[in-house]
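Worksheet: the structure to be examined is printed underneath.
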Amino acid sequence: MSSTSATSPQPFLLDLHVQFILGLDKKQDEFEYWASEQLRLNGVLWALTSLDLMNRKAELKRQDVIEFVLSCQNEDGGFGGSVEHDSHIAYTLSAVQIMMTLDAMDRLDASRVITYIQSRALADGSFSGDEWGEVDTRFCYITINCLSLLGRLDAIDVPKTVQYIDACRNFDGGFGCRPGAESHAGQTALAIVGALELVEADKLGWWLAERQLKNGGLNGRPEKLEDVCYSWWVMSALSILDRVHWINKDSLIKFILESQDPETGGIADRPGDYPDVFHLVFGVAGLSLLGYPGLQPVDPRYCMSRYITDKLPKFNVDWKGVNKE
Amino acid sequence: MSSNGDNEEPLYGERPEWADVKPVPQDDGPNPLVPIAYPADYADAMSYFRAILATSERSERVLELTATVIGLNPGHYTAWKYRQDTVLALSSNLHAELEFVENMAEENPKCYQIWHYRQAIVDRLGDASREVSFVNRMLAIDSKNYHAWGYRQWVVKKYGLWDGELRDVDRLLEADVRNNSVWNQRFWVMENGPEAFSAQKMDEEIAYAAQRIAQAPRNESPWTYIRGIVRLAGKTLAKVPAINDLCTSFEAQDMIVPHALAMQLDMACERKDVSTTKTICDQLAEHDPIRAKYWAYRATAAA
């Protein structure tokens, strides 16, 4: 990987980011804090993963996190976004990823989680996110991701799910969230993790590379604004396709570093905006994928440190970007 | 931070018609990692909502309560689902529900739950006559709203409301020719609409896109649209003269348009014309430097 420090506007503010995360809990009197209650479990995952990638995982109290995660599990086996919230497949994945990152899988009742995920499967190979019935390719990704972490991909009909994802592929080579829906970088990243073998790698790689704008940042759809979180979604997809070199890495690193808040820590969607933990984790993970020094190598399939996912059994798919050093 | 500022509704704990319900306060467990400190009005409504969940009450007052919870926290999917089940159990006026959704949607257009709820109500109602104009009002607020477009496709396909689609698409492209969501919708109509896609249709659509490209040649979407249309018709780019004419028209004006060059590159590849391929790749590397490595790859791939 190329050295980038010469072009950096400011260094990576690791210690400040750790302080930013540890201060999140103290913001409980702010509107955004309670308004995002149903996302709490995701917030914990983003905070933990950011710390882990920065080699500072021990800053969060392991036991407290485990107890909180377990308190979000419902009767149906799934997890809600917080205590007393209905189960959703997204929070169920967050719970599994947190437990895995904390090496606490022995505390998790995996069979109940698997039963819950199976209950979300629909006849066409797609998955609904909750009992209420939202359908999105994101949920195919979540299902495959979660079951692979649990070593139980046999619990669903994978070929049928792959067929569904294929139906969401668009004329531009990207993927939308349902058949016919506009291509979106996030959905695209998730889709190819689910079904790499059906991707037209060059066409899709080009669509992804076209997401880079003159200032180095990446957008999620044509003619939309650049956003740090797409450093992750676009880059992870390019990484799996082994085509990260098609974009300009140095200008993207510069863009992410410029999006740091030099006063409070944290990373914003773009330079000058307010930082949050969502953009922090995807900024840090993006930097890791770009080979920025001092960070744990990240697995583009999971947005988790490689040392964790290296313990997983190998898939029957050739993950070029992952296995290549 | 009180969100109660603009309405003077009393707390549920102060309402006589709720006196028979014992509120259930938040339980974060003994050692909460992230204790949740709610503002008073939200904590009040939530503690009554928890009590209702426990007794599974279905009543008019539950509709009011869920409206309060949703109004304070529109992403609360449990409250939406409970409201939906209650509305159906009570056989409530579904047209009134559509109005409720519209008011919510104007304030929170990107909240997924709102769209999902509207779909469930319209599905039950079996009347989608107000839906396209509703979506148009929402697109007037944000013409790239992903949920709005997804909902529009559901409504149009399910109820066969194809008639006005291209008219609306054209109107929205007139307002913003760079709106990729609209281009996606145009393609979706071509692919899924009642009219069979023919070679003549392909020619018409290429002419349409060419006109729009003339307005903004560096706009990615219509170029991608042309590729999609040609593929939908089962043709190849190099065999459609109109595309070549479009690309060369910029040369004639001494204009460098990377999308036109990229199209010419693909046509040269189709013809297996290696020397033209390389020339164009060099031009693209120069005029689209941020993707220089991609164009270098294309040059090697063609050799």
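The values are calculated or read from the model by the stated rules, or taken from the named source; none is laboratory data. Quick caveat: nothing in here was measured; it's all calculated off a predicted structure. Virtual Cβ from ideal backbone geometry, glycine too; neighbours counted across all protein chains shown. Protein only, heavy atoms only, side chains kept; ligands, DNA and RNA dropped before computing areas. Shrake-Rupley method; radii C 1.70, N 1.55, O 1.52, S 1.80 Å.
R0 = 30 Å: FRET efficiency of B:Arg58 with A:Asp157, Cβ-based, nearest 0.05? Intermediate results must be reported in sequence, preceding the final value.
Details: r = 36 Å, r/R0 = 1.21.
According to the calculation, E is roughly 0.25.
Hey, got a sec? Which GluC sites (Glu not before Pro) in the range B:98-206 land in a DSSP loop and have at most 14 other Cβ atoms within 10 Å? Intermediate results must be reported in sequence, preceding the final value.
Values: sites: B:Glu99, B:Glu102, B:Glu106, B:Glu107, B:Glu131, B:Glu165, B:Glu174, B:Glu191, B:Glu195, B:Glu204, B:Glu205; in loops: B:Glu195.
Sparse-neighbourhood loop GluC sites (Glu not before Pro): B:Glu195.
If each Cα of chain B is one equal point scatterer, what is log10 of I(q)/I(0) from the Debye formula at q = 0.11, 0.16 Å⁻¹?
Calculated log10 I(q)/I(0) at the listed q: -0.81, -1.21.
Of B:Lys144, B:Lys239, B:Lys110, which is the most mobile in a GNM of chain B whose springs link Cα atoms less than 10 angstrom apart?
B:Lys239
Using the charge dipole of the protein assembly as shown (Lys, Arg: +1 at Cβ; Asp, Glu: -1 at Cβ; taken about the Cα centre), state which of B:Val101, A:Ser71, B:Ala196 has its Cα farthest towards the positive end.
Result: B:Ala196, furthest along the dipole toward the positive end.
State, as an integer percentage, the relative contact order of chain B based on alpha-carbon contacts under 8 Å between residues 6 or more apart. Please list the in-between numbers first.
Numbers: 260 pairs, mean separation 24.1, N = 303.
Worked out over chain B, it gives 8 percent.
Could you compute the FRET efficiency for B:Glu17 and B:Thr276, with r as their C-beta to C-beta distance and R0 at 56 Å, rounded to 0.05?
Values: r = 79 Å, r/R0 = 1.42.
Between B:Glu17 and B:Thr276 the formula returns 0.10.
Given charges of +1 on the Cβ of Lys and Arg and -1 on the Cβ of Asp and Glu, with all other atoms neutral, how large is the dipole of the protein assembly as shown about its Cα centre, in debye to the nearest 20?
With only Lys, Arg, Asp and Glu charged at Cβ, the dipole is about 2180 debye.
How many Lys pairs in chain B lie less than 23 angstrom apart by Cα atoms, where the lysines are 8 or more positions apart or on different chains?
Within chain B, the lysine pair count is 16.
Putting +1 on Lys and Arg Cβ atoms and -1 on Asp and Glu Cβ atoms, find which of A:Val234, B:Phe250, B:Leu72 reaches farthest to the positive end of the dipole of the protein assembly as shown.
Selected residue: B:Phe250.
May I ask which residue of B:Ala262, B:Trp223, B:Ile141 lies farthest towards the positive end of the charge dipole of chain B, with charges of +1 (Lys, Arg) and -1 (Asp, Glu) on Cβ and the Cα centre as origin?
B:Ala262
Rounded to the nearest 20 debye, what is the charge dipole size of chain B about its Cα centre when +1 sits on each Lys and Arg Cβ and -1 on each Asp and Glu Cβ?
Magnitude of the dipole: close to 1380 debye.
In whole angstrom, how long is each semi-axis of the equivalent ellipsoid of the range A:121-163, when you take the square root of 5 times every eigenvalue of its Cα gyration tensor and sort them from largest down?
Working: eigenvalues 53, 28, 14 Å².
So the three semi-axes of the range A:121-163 are 16, 12, 8 Å.
Estimate the FRET efficiency between B:Leu94 and A:Asp109 by the formula 1/(1 + (r/R0)^6), using the beta-carbon distance for r and 45 Å for R0, to the nearest 0.05. It would help to have the intermediate numbers written out before the result.
Working: r = 40 Å, r/R0 = 0.90.
Once the sixth-power term is evaluated, E becomes 0.65.
Residue by residue, what Karplus-based ³J(HN,Hα) values in Hz, rounded to whole numbers, does the range A:296-310 have, using 6.51, -1.76 and 1.60 with θ = phi - 60° and x for Gly and Pro?
For the range A:296-310, the Karplus-derived couplings read 5, x, 9, 8, x, 6, 10, 6, 9, 4, 4, 5, 7, 6, 4 Hz, x marking Gly and Pro.
Ignoring ligands, DNA and RNA, what percent of the 1.4 Å accessible area of the range B:214-303 is carbon and sulfur? Before the final figure, lay out each step's value.
On the way: 2300 of 4330 Å².
Summing carbon and sulfur atoms, their accessible area is 53 percent of the total for the range B:214-303.
Heavy-atom accessible area per residue, the protein assembly as shown, 1.4 Å probe: how many Å²? List each step's numbers first, then the result.
Details: 25750 Å² over 628 residues.
Per-residue value: 41 Å².
Once the piece of chain linking B:Ala210 and B:Leu161 is laid out straight, how much longer is it, given 0.36 nm per residue of separation minus the C-alpha distance between them?
Details: separation 49, 0.36 × 49 = 17.64 nm, distance 2.73 nm.
Contour length minus Cα-Cα distance gives 14.9 nm.
Please give, to one decimal in nm, the separation of the simple spin-label points placed at B:Arg124 and A:Lys61, each 7 Å out from Cα toward the Cβ.
A separation of 4.4 nm, rounded to one decimal place.
I want the antiparallel fraction of DSSP beta bridges within the protein assembly as shown, as a percent rounded to 5.
Working: 10 of 10 bridges.
Here the antiparallel bridges make up roughly 100 percent for the protein assembly as shown.
Heads up, I need the accessible area for B:Arg227: 1.4 angstrom probe, whole protein in place, Å², nearest 10.
Accessible surface of B:Arg227 is approximately 40 Å².
Size of the dipole of the range B:170-303 about the Cα centre, Lys and Arg at +1 and Asp and Glu at -1 on the beta carbon, nothing else charged, in debye to 20? Walk me through the numbers before you get to the answer.
Values: 16 positive and 18 negative charges, 87 e Å.
Charge dipole, the range B:170-303, about its Cα centre: 420 debye, nearest 20.
Run the helix sum for the protein assembly as shown: -39,500 (n - 2.57) per DSSP H stretch of 4+ residues, divided by residue count, reported at 222 nm to the nearest 500 deg cm²/dmol.
Values: 30 runs with 346 residues, N = 628.
When only DSSP H runs of four or more count, the value is -17000 deg cm²/dmol.
Under Stokes-Einstein, with the Kirkwood radius over Cα pairs standing in for Rh, what whole-number D in µm²/s applies to the protein assembly as shown at 25 °C and 0.890 mPa s? Don't jump to the answer; show the numbers that get you there.
Details: Rh = 26.2 Å.
Once the numbers are plugged in, D ends up at 94 µm²/s.
Just checking the output field for A:167-180: average partner chain Cβ neighbours within 10 Å of each residue's Cβ?
Working: counts 0, 0, 0, 6, 15, 11, 3, 2, 0, 6, 3, 3, 5, 13.
That average works out to 5.
For B:Ala242, put the label point 7 Å out on the Cα→Cβ axis and report which residues of the range B:182-218 keep their amide N under 13 Å from it.
Counting only backbone N, you get B:198-213.
For a quick check of your reading of the filter: which GluC sites (Glu not before Pro) in the range A:49-117 sit in a DSSP loop and have no more than 12 other Cβ atoms within 10 Å? Mind dumping the intermediate values first?
Numbers: sites: A:Glu59, A:Glu67, A:Glu75, A:Glu84; in loops: A:Glu75, A:Glu84.
Here the sparse-neighbourhood loop sites are A:Glu75.
Using only Cα atoms, figure out Rg for the range A:52-139 and give it as a multiple of 2.2 N^0.38 Å.
Numbers: Rg = 13.9 Å, N = 88, 2.2 N^0.38 = 12.1 Å.
Taking the Cα Rg and dividing by 2.2 N^0.38 Å, one obtains 1.15.
Just subtract the alpha-carbon distance of B:Ala303 and B:Ala199 from 0.36 nm times their residue separation and send over the number in nm, one decimal.
Working: separation 104, 0.36 × 104 = 37.44 nm, distance 3.26 nm.
Full extension from B:Ala303 to B:Ala199 adds 34.2 nm.
Determine the order of A:Val44, B:Val24 by accessible area, beginning with the largest, at a probe radius of 1.4 Å. The partial results should precede the final answer.
Details: A:Val44 15, B:Val24 60 Å².
From most accessible down to least: B:Val24, A:Val44.
Averaged over B:70-80, how many beta carbons belonging to a partner chain fall within 10 Å of each residue's beta carbon? Mind showing how you got there, number by number?
On the way: counts 0, 0, 2, 5, 1, 6, 6, 11, 11, 2, 1.
The mean count of partner-chain Cβ atoms within 10 Å per residue comes to 4.
I need to check one value: relative contact order of the range B:209-303, counting alpha carbon pairs closer than 8 Å and at least 6 residues apart, in percent. All intermediate terms of the calculation are to be shown ahead of the outcome.
Numbers: 79 pairs, mean separation 19.3, N = 95.
Relative contact order of the range B:209-303: 20 percent.
Return the single residue from B:Ala242, B:Ala105, B:Ala19 with maximal mean-square fluctuation; model: Gaussian network over chain B, springs between Cα atoms under 10 Å.
Sorting by GNM fluctuation, first place goes to B:Ala19.
Pick from B:Val132, B:Val177, B:Val274 the residue whose mean-square fluctuation is largest in a GNM of chain B, springs joining Cα atoms under 10 Å.
Among B:Val132, B:Val177, B:Val274, the largest GNM mean-square fluctuation belongs to B:Val274.
Calculate one ³J(HN,Hα) per residue across the range A:78-94 by plugging θ = phi - 60° into the Karplus curve 6.51 cos²θ - 1.76 cosθ + 1.60, and present them in order as whole Hz with x for glycine and proline.
For the range A:78-94, the Karplus-derived couplings read x, 10, x, x, 7, 4, 6, 9, 4, 5, 9, 4, 5, 6, 5, 5, 4 Hz, x marking Gly and Pro.
³J(HN,Hα) across the range B:65-73 via Karplus (A = 6.51, B = -1.76, C = 1.60, θ = phi - 60°), whole Hz, x for Gly/Pro?
Those phi angles translate into 5, 5, 4, 5, 4, 5, x, 7, 8 Hz.
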